[in-house]
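**Q** What follows is a single structure, and I will ask about it in a moment.
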């Protein structure tokens, strides 16, 4: 009698363990299915890809995006130009806080609309005795008209630091500084640990909280692997100085759209460029210079 | 060799046999683990939007728990030193309980960090040779290395010593590894502290005092947890724990809690007296900032708990009273859990780098995953204990002898 | 005796009637005239009357609208324009085509610093008649034959210098270097330097405020939906 009940107990226990194990496996599979792309699971790091792998990866991506969004995508991997080091200048006496740069960037770089990601934050500061007082600045100003009297505006995005703290802390080298000075992210290598976000002093890095939803008619199909191609969820992204445009000689989208010409862009290594002229003739400063990150984003009045 | 493996499986079988209380406990833990698993799969499916993690506060409840548990893991060394270096007999008898706790804590740490990743399937990117670990620049790689190393060391020591006890032989061969585990335990928590410390973007963490604070709080919360757990073990198993061992550990807690509060005082003085803009996180913690003061009640609770616990532990008459001791341990665990978990991670991000305040409270999903991982930890501890105790008390030896007699006959 | 009394009576009556008639005539004629006069000068009186509020007219800048909805004139403005030092203004402020421009200009900093029409559009500001006023001096640059927008690539810097750069030298120098104003095109290739008037209106120099694009979502507003 006792033995029988013991056997029953054993059978019940075994049955329970089996069903539990199956349930767990099923749940895990269901949970993972939305996240893992087995096709490109073993894809190498961008810097380690040989030409063949790079071309085949770009083709796979183009096919994937074209299928998802129903439009023909181009994914490039344009190399940095020889002899370039990009710098950015921002004229604070002219910025009116209209946010046209913010939304031009969103459209050019295929940022998710929901949940919203903006690569540029325009901070509104009160004119007065305090300098750039970030604690009392706000980016949620919403007046009928800008510029508002008594305020000035500072747009902040990735500063492309020469000694960037974000690249220093990434555990898998998913973010690095390219030869032309742009700090880029390999979205297929990033593990989403968000250490770089903790390290960035400028709040320039953003995390994809959900699967990107970009309206099909607003999407930009001219993309770069390290730049504005649609990102998967769970990776970090940030401004790339419009790498898909600037490496072909064009201005970034924000510089082109600014209605008051407050944004200047150019090659720091070219002595005749406007960015060099700006640095030499205007009183330039950079944000949080005491951090010694050596940003390449110069503000001036 | 074959005999050794067979003996190992005989010992393993003990996991599956126990009384109704044991099955009830395991069943309860499995249910909570299931909740955790459901929550985690929901998070994997929909992304981090289901948590409260946003750009402004990019680390939250998972990393808070991780930080607390690394401290608990490091605290095992407080048992190792008296046991193996000073051969203090009462502690030596129970040092394996501390080692099991360290192993469990490390496992939980690994689970918390994995739960916090946007792409956990890409963890292989951090492995040497197949991935591209950013060594020696990134502290996260160092942390992974030392934590896994600590896990490996503890498992090795634990299994080796256990096997030697089972065979009745001396385990002195593993002494070098035991000696190594002492500075290694300190280093795991120092590296975790450096992970926060090396970020000038977060002035709340960028203080030289952070690593000492971590160690001080670890060495009072870990042993407090151990005291409570050991008493439970003594209650539900055949193990006897010498009260002297508990008293010794309690004494150590007194000193480390005093140090912890002193270091907190140093930090508070520096920020409040200097009155620079970097005062903002501390002000947010204790008094609220710009109308946001939801964290203050929690932080004051932690402070009051810690001070009360210090009083209990400092006075020998109080700390030797078993009920007061347990209350004190409970207060320390809650106090340090708040201070080192939530009260470390959130103020580091508040205000954000652009001066914004985002009030972070974990969502149901985060809470679900967290309790699931804690339940997993409890399960690992229970199973390891179930495996170890019979070996320790000699039961397994008798079982193995019986099996061999059967086989011969 | 009775005749005299009757005659006196009739004289009295007729005199009375006559007086009455005269009075009536006077009142009947003068009174409306008085009323008209009063109506004519009442706006002037009303101006001193603090109860009558005049708001600036949106349709005709420089004019005002009274509570009755009628567009009334600000005497000072029109008088000043009528007697302006620059001959061009005296006529062009009335012509519908140029009215807004002139009125805008009058409010701008340019007018307050004597940057009058002739400085950009040429002509003789002291001319006594149309012919003299329009007498264009062809020997200097202050001649517009082509609208600024239609200038060729080579003419643009010259034009910018000629019209704006003569006074705004610093801005012109910075514009040529590329750090004032806007350029589009290629940072390492051909650029289009936007000429001054593409951003700045020389008649209405103050930058008009614009509506900003929507504010970003605060992090606590970003929620999981379903």
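**Q** Using only Cα atoms, find the angle between the long axis of helix B:89-115 and the longest principal axis of chain B, and express it within 0 to 90 degrees, rounded to the nearest 10.
**A** The angle comes out at about 50 degrees.
**Q** Residue separation times 0.36 nm, minus the C-alpha to C-alpha distance between residue C:134 and residue C:82: what's the value?
**A** 16.9 nm
**Q** Which residues among the range B:319-347 fall inside the zone where the amide N is under 16 Å from a point 7 Å beyond the Cα of residue B:209, along Cα→Cβ?
**A** Residues passing the 16 Å test: B:339-340, B:344.
**Q** Related question: Assign one of three labels to the protein assembly as shown, namely rounded, prolate or oblate, based on the Cα gyration tensor with a ≥ b ≥ c the square roots of its eigenvalues; rounded applies when a/c is under 1.5, prolate when it is not and a/b is larger than b/c, and oblate otherwise.
**A** Note, shape of the protein assembly as shown comes out prolate.
**Q** How far is helix B:364-393 tilted, in degrees, relative to the longest principal axis of the Cα atoms in chain B, given as a value from 0 to 90 rounded to the nearest 10?
**A** That helix lies at roughly 30 degrees to the long axis.
**Q** So how far apart, in nm, are the two label points at residue C:200 and residue A:63 if each is 7 Å from Cα heading toward Cβ?
**A** 5.7
**Q** Fully extended, how many nm does the chain gain between residue C:210 and residue C:17 (0.36 nm per residue separation, minus their Cα-Cα distance)?
**A** 62.0 nm
**Q** Could you check the simple spin-label distance between residue B:242 and residue B:86, using points 7 Å along Cα→Cβ, in nm with one decimal?
**A** 1.2
**Q** Highest mean first, how do B:344-356, B:235-247, B:82-94 rank when packing is the count of other Cβ atoms within 10 Å averaged over residues?
**A** Highest-to-lowest ranking by the protection proxy: B:344-356, B:82-94, B:235-247.
**Q** Round to the nearest 0.05 the FRET efficiency obtained for residue A:142 and residue B:232 when R0 = 51 Å and r is the Cβ-Cβ distance.
**A** The formula returns an efficiency of 0.35 here.
**Q** What's the exposure ranking of B:48, A:207, C:172, going from fewest to most Cβ atoms within 10 Å?
**A** Result, fewest neighbours first: C:172, A:207, B:48.
**Q** Right, another one. With a point put 7 Å past each Cα toward its Cβ, work out how far residue C:59 is from residue B:21 in nm, to one decimal.
**A** It works out to 9.5 nm between the two label points.
**Q** Viscosity 1.306 mPa s, temperature 10 °C: Stokes-Einstein D of the range A:86-300 from its Kirkwood Cα radius, in µm² per second?
**A** For the chosen part, D equals 89 µm²/s.
**Q** Still on this structure, I have one more. Determine the shape class of the range B:52-362: with a ≥ b ≥ c the square roots of the Cα gyration tensor eigenvalues, call it rounded for a/c under 1.5, and otherwise prolate if a/b is greater than b/c, oblate otherwise.
**A** It is oblate, given that a/c is not under 1.5 and a/b is not larger than b/c.
**Q** Something else now. Full-extension gain between residue B:322 and residue B:137, please, as 0.36 nm times their residue separation minus the C-alpha to C-alpha distance.
**A** 61.8 nm
**Q** Also, quick follow-up: Based on DSSP H runs of at least 4 residues, each adding -39500 (n - 2.57), what is the mean residue ellipticity at 222 nm of chain B after dividing by all its residues, to the nearest 500 deg cm²/dmol?
**A** Computed ellipticity for chain B at 222 nm equals -24000 deg cm²/dmol.
**Q** I've got another one for you. Across peptide A:117-129, what mean number of C-beta atoms from other chains lies inside 10 Å of a residue's C-beta?
**A** Averaged over the peptide's residues, the number is 2.
**Q** Rounded to the nearest 0.05, what FRET efficiency do residue C:220 and residue A:177 give with R0 = 25 Å and r taken as the Cβ-Cβ distance? Could you check?
**A** The formula returns an efficiency of 0.15 here.
**Q** Still on this structure, I have one more. 222 nm [θ] for chain A, helices only, -39500 (n - 2.57) per DSSP H run of 4+, per residue, to 500?
**A** The per-residue figure over chain A is -8500 deg cm²/dmol.
**Q** Which parts of the range B:73-88 would a label at residue B:186 reach, counting a residue when its backbone N lies under 19 Å from a point 7 Å out along Cα-to-Cβ?
**A** It comes to B:73-87, nothing else.
**Q** Could you order peptides B:322-331, A:88-97 by the average number of other Cβ atoms within 10 Å of their residues, highest first?
**A** Most protected by this proxy first, the peptides run A:88-97, B:322-331.
**Q** Quick check: from the Cα gyration tensor, does the range B:213-279 come out rounded (a/c under 1.5), prolate or oblate?
**A** Prolate, because a/c is 1.5 or more and a/b exceeds b/c.
**Q** For helix B:175-197, what angle does its Cα long axis make with the longest principal axis of chain B, in degrees from 0 to 90 and rounded to 10?
**A** Tilt relative to chain B: about 20 degrees.
**Q** With a Förster radius of 25 Å, plug the Cβ-Cβ distance of residue B:177 and residue B:13 into 1/(1 + (r/R0)^6) and report the FRET value to the nearest 0.05.
**A** 0.35
**Q** Mind checking A:97-104 for the average number of partner chain beta-carbons within 10 Å of each residue's beta-carbon?
**A** Taking the mean over all residues of the peptide, I get 3.
Read-outs: derived from the displayed coordinates by stated rules, not from any lab. Everything quoted here is computed from the prediction, not taken from an experiment. When we count neighbours, we look across all protein chains shown, and the Cβ atoms used for this are built from the backbone with ideal geometry, even at glycine.
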